[in-house]
1. Would you please report the Å³ per residue occupied by the convex hull of the alpha carbon atoms in the stretch 379-447?
2. Using the count of nearby Cβ atoms within 10 Å as a rough guide to exposure, how do LEU222, LEU45 rank from fewest to most?
3. Which of the peptides 547-556, 526-535 is most tightly packed, and how do the rest follow, judged by the mean count of other Cβ atoms within 10 Å per residue?
4. Between ASP282 and ASP370, with labels modelled 7 Å along Cα→Cβ, what's the label distance in nm to one decimal, could you check?
5. If each of GLN547 and SER345 carries a label point 7 Å out from its Cα toward its Cβ, how far apart are those two points in nm?
6. Per residue of the stretch 54-59, in order, report the coupling 6.51 cos²θ - 1.76 cosθ + 1.60 (Karplus, θ = phi - 60°) as ³J(HN,Hα) in whole Hz, putting x for Gly and Pro.
7. Hey, which of these cross-link pairs are over 25 Å Cα-Cα: LYS240/LYS556; LYS33/LYS240; LYS240/LYS587?
8. Measure up LYS357/LYS554; LYS48/LYS102; LYS359/LYS407; LYS357/LYS407; LYS359/LYS517; LYS81/LYS253 against 21 Å on the Cα-Cα distance and list the ones that go over.
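Bear in mind these aren't lab numbers, they're just calculated from the coordinates by the rules spelled out. Values in this document were obtained by computation on a predicted structure and should not be read as measured data. Methodologically, a virtual Cβ is constructed for each residue, glycine included, from the backbone with ideal geometry; neighbour enumeration extends over all protein chains shown.
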Amino acid sequence: MTSPTGKAVSYCFGVFTANPDAGELLKKGARVKLQDQPFRLLCLLLEKPGGIVTKEDVRERLWPGNTFVEFDASLSVAVGKLRDALGDDSDNPRYIETVPRKGYRFVAPIERVLEEPTVVDAPLRPPSSPESTPAISTGYVKPPSIDIKRALLICAVAILLVGAFWFRTLRRQSTSTAEAKGSSSAPQIRRSVAVLGFRNLPGRKEDDWLSQAFSEMVSTELAAGGDLRVVSDEDVARAKRELPLGNGETLGKSTLERLRTNPGADVVVVGSYTTMPGNTGDRIRLDIRLQDTINGETIAEDAVTGSKDDLFELATRAGSDLRERLGMGAIPPGNANVIVASLPSNQNAIRYYSEGKAKLWDFDFIGARDLLVKAIAEDPNYPLAHSALSDAWERLGYRSKATAEAKRALDLSGNLPQSEKLQIEAAYWELSNNVPKAIEVFGSLFRLHPDSLEYGLDLARVQYEAKPEDALATLKILRQLPAPAGDDPRIDLLEASVQVTQNMVVGQSEAKRALAKGTALGSPFIVARAYGILCQQDSAVGVSTEQNITDCEKAKESFASEGDRNNEARTLNDMAVFYYRRGDLHKAESMWREAAQVFRQNGGAEGLAATSNITSETLSSRKGD
């Protein structure tokens, strides 16, 4: 804030100093953590010391043009946070007094300080006689008298420092240019954002679906234009299973630090929503908070309110506000149609689609299938619902149905963002067993966004089927990504699998490396898959059968703790093989039958068929020997 003379204004009261221009509150010179709206409320109170600031004054300053009915609750929250920052007491106020039915008043003495503007480009010259110094009307304040030799010395030092800076800069540029000529350029690393979901404050079960729906819609808004790297909902779901996030609307610093590694987010979006009656129907208030995982601070918080009958408009406003707070600006021109294509055409479809995907990442493939079928019934032309249903059918073991849905998704994907179109196309070619075409499209996707670990892993996975050496080369590129992506244990897991045909000893080493990282992260997902690889590879490198069984047992336990019943059953199959080889037919048969029961309950048709064949044919032939 500046005065009419152009000077910056600060307010001092007690042990505090508020600097409106810098947006900071200091206590004895140290910065006090205070969010944007409470700070703006403080500035409004300080501008009118001793006077009443009415609720209408606050509404116009903090929520201009907004008429949502829960304004009083929002104001109470802002006042509460401001009082907490100042250590104030509403019953015995030192700073902020509540004036019943009117508003608030700042009651402490305030010293208003005008700071002289700093001029960095004005020439430093020795003062001459008063008569020869003309008046300056540009706001420049004449510096105090200074010894000419000292001034010259300062200038000389400044010139040397500037020269040294430019010299180092030129050297760095020359070095970078030389390195770029000798190697591929480093990918541009985008800021990564994870939308963790929203808390249902009233707790009404029938409104739980809104959390996943809002997450889906807000993520779509943030991803528009490709300037941000939005963490996939599958990775978010895994992180939420593995981390104790609790029910709070604000995450602690230690939790944020873990979210930086798992799922690899620079910024997370959290918040809550409240449904309430309105004059023209039910309304929803969506409170959103942006938190930085690097320093653990809250970057911004916002609240939007709208009709429950128009969630898309509500999510659009929320996403637009978040983009602005992240410094991304408005959605690029021409992307509006792309966003429309990335979301279903109606609210019933978004409900079933978002709920279906949540079931998919929670390993409830039957539940996911049923909900996604409903989503497609509501909007038959929504490509992402067909793509998700394809994934559900594949996980249930119905490959022909999965391929048919993937083809339908591809046919409808014309208006989607390029990255989504490529993902759908690559999935179709992979399901169609056209590995060269899948490699080509996944390669295009990875070249489009070379900072994406997810795209690189997909490419390496399909390369492994055709040419393991190419997969290893891609994994080597992924390891060069900045941490935490370059240190991600999924790179080690995939390399462990690729090394099956290359070097089994190296494969075991990579699996153990992933296991150590997964254990440190507390990730059953990583631990289960690492033990699963060891379970399958042990016999090939001469490990004892007992160690085989031990590793398989640990894999099974980890899959069970993660809720992945199908992989738990597959591991039972692997264990049964070892008992079968050892001659313990009773134990092997018991495990195969247990696996078959899990597949039957979880809809794993492919696994069930394989297990049934083993129990009916292999065991009977062995007993007949």
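1. So the per-residue hull volume is 74 Å³.
2. If I rank by nearby Cβ atoms, fewest first, I get LEU222, LEU45.
3. Ranked from most to least packed, the peptides come out as 526-535, 547-556.
4. 2.2
5. Modelled inter-label distance: 6.0 nm.
6. Values per residue, Gly and Pro as x: 6, 4, 5, 4, 5, 4 Hz.
7. As for pairs spanning more than 25 Å Cα to Cα, those are LYS33/LYS240; LYS240/LYS587.
8. The answer is LYS357/LYS554; LYS359/LYS407; LYS359/LYS517.
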